[in-house]
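The values are calculated or read from the model by the stated rules, or taken from the named source; none is laboratory data. Here the structure is a predicted model, which is why all the values come from computation and not from measurement. Please note: Cβ atoms are built from the backbone with ideal geometry, for glycine as well, and neighbour counts cover all protein chains shown. What goes into the accessible areas is simple: the full protein's heavy atoms, side chains included, and nothing from ligands, DNA or RNA. Shrake-Rupley method; radii C 1.70, N 1.55, O 1.52, S 1.80 Å.
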Amino acid sequence: MPASFASGGRYVPRRLVENTQGIAQPLHRGVAREGVTFLIDGVEQLVEVVRQERRFGGSQAFWICGQCSSLRSHLFVVNGSLLCRVCGKLTYRSRHVPRAVARAAKLRRRLGGAPGLLAPLPRKPRHWSPVYYRRLIGELIAAEGVIREMLGGTIRALERRKGRLHGPR
């Protein structure tokens, strides 16, 4: 990604739940409390499983996060450790798409261009400073790059899902 003309640091993509290796929910049958050992990057990690009775019968099992000790349905492998979504600072793609789209639309309006990702970049107005124009164009390119990455991730996830549901085609 090109250097940013905006104030602040360089864009670092967020770690997303969909792109992180996860561990499925524990089995709901068995003793009330047990430990399960996982081998991650050649290192054994023990994770506790807690089962709780449900109000209308049966039980539900939860993992205990190794960092915050909270009950979690899913754990994820982040930097060689099993962590919950909160401790691993994982987020969902859907939480960030509207913000990136709104930012790109606002910059296009400010530049006087047509809305939409595929619209050509507008020419610099005569009365604008070239430095200001280049900064806004740089911000627009960065914002649309974020959208492009998110759309690409969505397409890859859909292709994976299609492969799982219908087999290789």
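For L118, the criteria (1) touching a Gly at 6+ places or on another chain (Cβ under 6 Å); (2) exposed (fewer than 11 other Cβ atoms within 10 Å of the Cβ); (3) among the aliphatic types (A, V, I, L, M) hold in every case but one, which is (1).
Scan the range 77-88 for residues that are buried (at least 18 other Cβ atoms within 10 Å of the Cβ) and not in a strand (DSSP E or B) and the total you get is 4. Reported count of residues in the range 47-76, each being in a strand (DSSP E or B), open to solvent by 70 Å² or more (accessible area, probe 1.4 Å) and either of a type in the set (G, A, S) or closer than 13 Å to E34 by Cβ (or both), is 1. Remark: A143 falls outside the filter, which requires a residue to be exposed (fewer than 12 other Cβ atoms within 10 Å of the Cβ) and either in contact with a helix residue (DSSP H, G or I) (Cβ under 9 Å, 6 or more places away or on another chain) or not hydrophobic (A, V, I, L, M, F, W, C) (or both).
For the condition in a helix (DSSP H, G or I), modelled with pLDDT of 85 or more, open to solvent by 30 Å² or more (accessible area, probe 1.4 Å) and not hydroxyl-bearing (S, T, Y), R134 qualifies.
Taking G152 as the residue in question, decide whether it is farther than 24 Å from R15 by Cα and open to solvent by less than 40 Å² (accessible area, probe 1.4 Å). For G152, the condition - farther than 24 Å from R15 by Cα and open to solvent by less than 40 Å² (accessible area, probe 1.4 Å) - is not met.
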